[in-house]
Amino acid sequence: PCYRPDWASLDARPLPAWFDQAKVGVFVHWGVFSVPAWGSEWFWWHWQGEHRADYERFVQRQYPPDTTYADFAPRFTAHDFKPHEWAQLFQRAGARYVVLTTKHHEGFTNWGSPVSWNWNSVDTGPHRDLVGELGQALRESNLRYGLYHSLLEWFNPLYLADKESGFKTQNFVSEKTMPELYDLVLKYKPDLIWSDGDWEAPESYWNSTSFLAWLYNDSPVKDTVVVNDRWCNNCSCHHGGYYNCADKYQPGTLPAHKWEMCSSIDKLSWGYRSNMNIAELMDEASIIEELVQTVSFGGNYLLNVGPTKEGVIVPIFQERLLALGRWLDTNGEAIYESKPWRVQMENSTETVWYTSKGAVVYAIFLIWPRDNVLELSSPASSPATQVTMLGFAGTLKWQESPGKGLLITLPCTFPSPLLPQSGWTVKLEGVK
């Protein structure tokens with residue numbers, strides 16, 4: 001079909017199947033904000049947009065007088081950036097796609113954008129095409145590549161002038177935003193475009209629908225590309241491809257539309273903070289719980305790390321990613337390519353969650369029952385019912401529960417001392 005540049009037409013496009021099947025992605029927030037590495041990736045705005053005292057004190061303490069945000073760019077070196085090691089890590093984490101910030105709201109582009117003169121990673125800082133290098137490494141590892149791109153730039157004079165006009169002029173869109181989006185698609189052929197920075201202006205300003213019509217009709221990725229829902233100030237949760245709705249969004253019930261939950265290992269920031277401490281990071285059990293809940297409700301889980309200015313993903317982030325990967329090595333059958341079941345969670349508790357594949361139902365339980373007996377009230381048994389546990393050889397004994405459902409006798413000890421202490425899966429065949 002030929003898509004028109006209006007939401008009714010664009011929203012009717014079927015979502016390419018790979019995205020729903022993938023389930024697990026890694027988000028990477030990396031830019032000039034990784035240099036101060038303090039507060040969050042909104043450093044420039046908090047410092048010079050809001051003039052927050054704590055940010056002003058930080059710069060006075062750490063940097064010479066008269067330091068500007070532009071002075072941070074040469075220190076964004078990416079000296080230790082090894083894209084193939086990143087790709088290997090993300091693959092071992094169980095990710096099927098990776099989304100990199102090509103440009104955050106600060107406007108610095110991680111590729112040689114022809115409309116971002118001297119404020120990009122080729123002209124200054126790393127002197128490298130970070131977007132291109134990571135893309136090549138991911139493709140060699142058979143991972144899908146997503147590009148995050150911010151529509152707005154906080155301090156770009158063109159954007160500020162358009163804003164001053166009440167968004168009646170569109171100089172920033174025609175000279176900066178759109179040329180960059182077309183350049184990213186034509187140069188890197190992304191599998192996904194993760195748009196952001198949409199909230200201040202309407203669709204009539206951004207021209208998003210024209211870009212998306214081109215993307216779906218004529219671009220080199222027209223049949224495979226997936227986009228999110230942040231394309232104008234009232235798009236979120238309404239228009240676009242799949243829905244993000246809000247950062248760390250959790251619907252609480254099964255949505256009718258494909259969605260994605262983005263979350264960050266560092267609970268306080270998306271970009272790297274040199275002063276983070278362990279209590280501010282998600283532990284392995286919380287990550288697995290978020291993933292399981294998200295997939296049960298039909299969502300994808302996009303877990304964020306912020307590399308250092310040198311391009312290192314710090315060991316604690318690596319450890320969390322690898323723990324997720326080990327869990328998926330055992331339980332991934334219940335996650336990848338799964339669909340929501342008729343019930344998403346056990347009615348009495350939020351510790352048992354369901355997914356399905358065809359006639360097979362998976363019950364993922366987050367807390368090991370004290371008496372080694374797992375009670376499931378939702379599935380109805382049949383003469384053909386068989387129960388197994390992922391990562392454990394042989395079938396499990398079960399009986400009908402006195403009320404309804406199943407009482408499943410679990411192995412007497414945890415299946416393996418190496419398994420994480422959260423999240424095990426029983427596979428139910430021949431249940432309704």
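The values are calculated or read from the model by the stated rules, or taken from the named source; none is laboratory data. Since this is a predicted model, take the numbers as computed values, not measurements. Positions of Cβ are generated from backbone atoms using ideal geometry, with glycine treated the same way; all protein chains shown enter the neighbour counts. Accessible surface areas use protein heavy atoms only, side chains included; no ligands, DNA or RNA. Shrake-Rupley method; radii C 1.70, N 1.55, O 1.52, S 1.80 Å.
Structure above, values below:
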item	result
Sequence of Glu164, Glu106, Glu280, Glu350 from largest to smallest accessible area, 1.4 Å probe	Glu164, Glu350, Glu280, Glu106
Residue-level accessible surface for Ile316, protein heavy atoms, 1.4 Å, Å²	50 Å²
Solvent-accessible ranking of His46, His79, His127, largest area first, probe 1.4 Å	His79, His127, His46
Volume of the Cα convex hull of region 25-86, divided per residue and given in Å³	100 Å³
Surface accessible to a 1.4 Å probe, per residue, for the residues of region 7-334, Å²	37 Å²
Anchor Lys82: lysines whose Cα lies under 20 Å away (excluding residues fewer than 8 positions away in-chain)	Lys103, Lys309
Dipole magnitude of the chain, debye to nearest 20 (Cβ charges: Lys/Arg +1, Asp/Glu -1, about Cα centre)	940 debye
Extension gain from Lys248 to Leu186, taking 0.36 nm per residue of separation minus the Cα-Cα distance	19.3 nm
Between helix 130-140 and the chain: long-axis angle, C-alpha atoms, 0 to 90°, nearest 10	30 degrees
Residues Lys357 and Ser286, FRET efficiency given R0 of 30 Å [Cβ-Cβ distance, rounded to 0.05]	0.70
Cα gyration tensor, region 1-43 - rounded (a/c under 1.5), prolate or oblate	oblate
28 Å Cα-Cα threshold exceeded, pairs from Lys267/Lys427; Lys168/Lys267; Lys23/Lys404; Lys397/Lys432; Lys357/Lys404; Lys23/Lys432	Lys267/Lys427; Lys168/Lys267; Lys23/Lys404
Estimated distance in nm for a label pair at Gln48 and His84, the labels positioned 7 Å out from Cα along Cα-to-Cβ	3.9 nm
Charge-dipole axis of the chain as Lys and Arg at +1 and Asp and Glu at -1 on Cβ define it, positive-most pick from Thr77, Tyr272, Leu254	Leu254
C-alpha center-to-center spacing [region 181-249, region 285-320] in angstrom	23 Å
Calculated SAXS-style log₁₀ I(q)/I(0) at q = 0.06, 0.09, 0.11, 0.13 Å⁻¹ - the chain, Debye, Cα scatterers	-0.28, -0.61, -0.87, -1.13
Lys, Arg +1 and Asp, Glu -1 on Cβ, resulting dipole of region 273-432 about Cα centre, debye, nearest 20	340 debye
Probe 1.4 Å, accessible area per residue of region 339-429, Å²	51 Å²
Cα centre as origin, Lys/Arg/Asp/Glu Cβ charges: region 339-429 dipole, Debye	220 debye
Cα gyration tensor shape of region 339-429, rounded if a/c is under 1.5, else prolate or oblate by comparing a/b with b/c	rounded
Per-pair calculated FRET efficiency, R0 = 60 Å: Ala384 and Glu56 via Cβ, rounded to 0.05	0.30
Cα long-axis angle, helix 83-92 against the chain (0 to 90 degrees, to the nearest 10)	20 degrees
Length gained when the stretch Ile316-Asn171 is fully extended (0.36 nm per residue, less Cα-Cα span)	47.9 nm
Sulfur and carbon atoms: percent of accessible area, region 141-219 [1.4 Å]	52 percent
Angle in degrees between helix 53-62 and the longest Cα principal axis of the chain, rounded to the nearest 10	70 degrees
Computed E for Ala8/Ile278 - FRET, C-beta separation, R0 51 angstrom, nearest 0.05	0.55
Length added when fully stretched, Asp71-Trp18, from 0.36 nm per residue minus Cα-Cα	14.9 nm
